[in-house]
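Here the structure is laid out as structure tokens; the discussion comes afterwards.
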Amino acid sequence: MRDFLHLAHVLSNGLCRLCDHRLDHYTDLHAEVLRLNRSILQQQHHCCSFFPEVMAVQGGADFVNSIILRMICLWGVLHAVMFNTVLFFAFASHFRAMVTDPGIVPINRKGMLCGDRNLFPKLLSDSESNSTDIDEELNGEKSKFVGKDWTICTRCESYRPPRAHHCRICRRCIRKMDHHCPWVNNCIGEYNQKYFLQFLLYVGLSSGYALSLVVTAWVHHDEYGFSGVKGPYGQSIHHAKILHTVFLSIVSTLFGLFVLAVSCDQIQAVLNDETAVEAIQRKGFHNRIAPSRSKITLIREVCGNGPMVLWLLPCSTLPSEPLIV
């Protein structure tokens, strides 16, 4: 009987060790899968961030090939300069929206790291007798480096100001976070919303400009002209014009409708002083509170207090606007 109990004890210990080993193996495998998925997701975001540039370059090439080269005159040169200027501002604003810090809330404030067990050793005591003293000490220490109505994020454990929200992709809290945009591979927050609005503006202008010139080129199409069937180059150049203008029209229409929808959403968010995250949190609970400040004040809060012409330029107009490159 004693030998039987000893054998059962040995077998149970062996099974426990085997289960622990398998559990550790599956835990490590799960962590590796999560890391791989996160890496793939980041690569997808990087690819998406360069997609507008690729499509804009292709659209610009088709624009020059189908429109400008068919207008060998002063107007053709003027349209080429104007169109490429709009594209340049679209590229510049897109780049600034990518590399500008949207308002990342630092985790380490004045050398104190939230969640660090060496920060408040007394707070980690298991004793409940001094809970009141602990709360007073925590409030006193926190008041030295955080403002009024600040909260602690339960994910990144950072002290964050009001209207800051945690981004699960950036894994940080962002001041006045509106959304995480895959097209710029960055969050849209307090410091880069101006560049995102400029990007939408210039993409919309370039799309409308291209469509208007495509329509004009076909309205004034001459069968005996440069790209006409009976022109000097015959059907080959005419078919090339059709192919390029169809592609340019599709790209311009898709981009134009997309930026129109996003622009309406962004303008509404600025004028209502309510980000997309705040609108989702408010939905189903209570009505939106009308902003107490004027519309021009809300616009200046996003675009800066400088001259209005600077609102159209991708230059720094807000204080404390760092880069993340």
**Message:** Could you list ILE280, ILE299 so that the one with the fewest beta carbons within 10 Å of its beta carbon is first and the one with the most is last?
**Reply:** ILE280, ILE299
**Item:** Using a Förster distance of 35 Å, the FRET efficiency for VAL77-ILE250 (Cβ separation, nearest 0.05)
**Value:** 0.85
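Read-outs throughout are calculated quantities, based only on the coordinates presented, and are distinct from any laboratory measurement. What you are looking at is a predicted structure, and each value in this text was computed from that prediction instead of being measured. Note: ideal-geometry Cβ built from the backbone for every residue, glycine included; neighbour counts use all protein chains shown.
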